[in-house]
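Undergrad: Have a look at the structure that comes next, please.
Bear in mind that the values in this text are calculations on the coordinates, not laboratory data. Just so you know, these numbers come straight off a predicted model, no measurement behind them. Reconstructed Cβ throughout: ideal geometry from the backbone, glycine too, with neighbour counts over all protein chains shown.
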Amino acid sequence: MLFPLPFHFETAHEPVLLRNGSWCPFNSQNTTTFQCVFPLLYLPAKCSFRMTYIWRSFVTQRVLQAMDLGILYQGPTVWQERNDHDLQRDFIDELPGYENNERMREELAALPLKIGDSLQSMMESCYQTLIRNGWVGSDEESLLRAWFDDIRVLGQM
C-alpha cells in the first residue's frame, strides 16, 4: 500500500535462524516443514482468513521453542504470480492481527511448555489460549482434535 506496484523485494543473501525468544510471522507459501512436526501444519479455521496462517506461525514457533528448535528463513525458491485482490480489503481483514499479535505472542510465550510434552498437548495449550482470549472461536478445539485423529490414521504421529 506504500509503494507503486509491482514491488520486488531484495533477494536474501544468507539464511537466518530464529530460536528461543525471537518471533517472526511466516505464511504458508513456499514453506518447507519436516515430517516430524507435520502436526504443526494445522491451520485454525475459526478466525479471519487473512490471519489463519500468521497465527498458525505463532503457535508453531512457540511449540518449536519448547522443543528447543528454530525456524530457518531463507530466500524464495519460487515466483508467485499474484491474483488480483483488494489491498484495502486485505488490510481490514488483517486488523485482528495488527491489534492482537503482540499480546498473542506474549500469552503464548508465557505458556509452561517444555521438552518432553507431546506436540498435541503443546498445540492444545496454545489453541486454548487463543480461544480463551477470543482470537479464534471456541469450536476450534474440536477441529484440532479431529486434526490429530486424522494424523494418527495417516500414520503421521
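Undergrad: Treat each spin label as a single point 7 Å out from the Cα along the C-beta direction, and report the H85 to E106 distance in nm.
TA: Taking the two extended label points, one gets 2.9 nm.
Undergrad: Within a Cβ distance under 15 Å of N83, other residues only, what is the Lys/Arg minus Asp/Glu net charge?
TA: Here the count lands on -1.
Undergrad: Which chymotrypsin sites (Phe, Trp or Tyr not before Pro) in region 50-120 pass both tests, a DSSP loop state and at most 14 other beta-carbon atoms within 10 Å?
TA: Filter output for region 50-120: W79.
Undergrad: A follow-up question, please. Through the Karplus equation 6.51 cos²θ - 1.76 cosθ + 1.60, θ set to phi - 60°, convert the phi angles of region 112-127 into ³J(HN,Hα) values in whole Hz; use x for Gly and Pro.
TA: x, 7, 8, 4, x, 5, 6, 3, 4, 5, 5, 5, 4, 4, 4, 5
Undergrad: Compute the distance from the alpha-carbon center of region 93-109 to that of region 112-126, in whole Å.
TA: If we compute the Cα centre of each part, the gap is 20 Å.
Undergrad: Less than 14 Å Cβ to Cβ from Y98, Lys/Arg counted +1 and Asp/Glu -1: what total charge do the surrounding residues give?
TA: Here the count lands on -2.
Undergrad: Now, a different point. When each pair of different Cα atoms in the chain is counted once in the 1/r mean, what is the Kirkwood radius in angstroms, to one decimal?
TA: 17.0 Å
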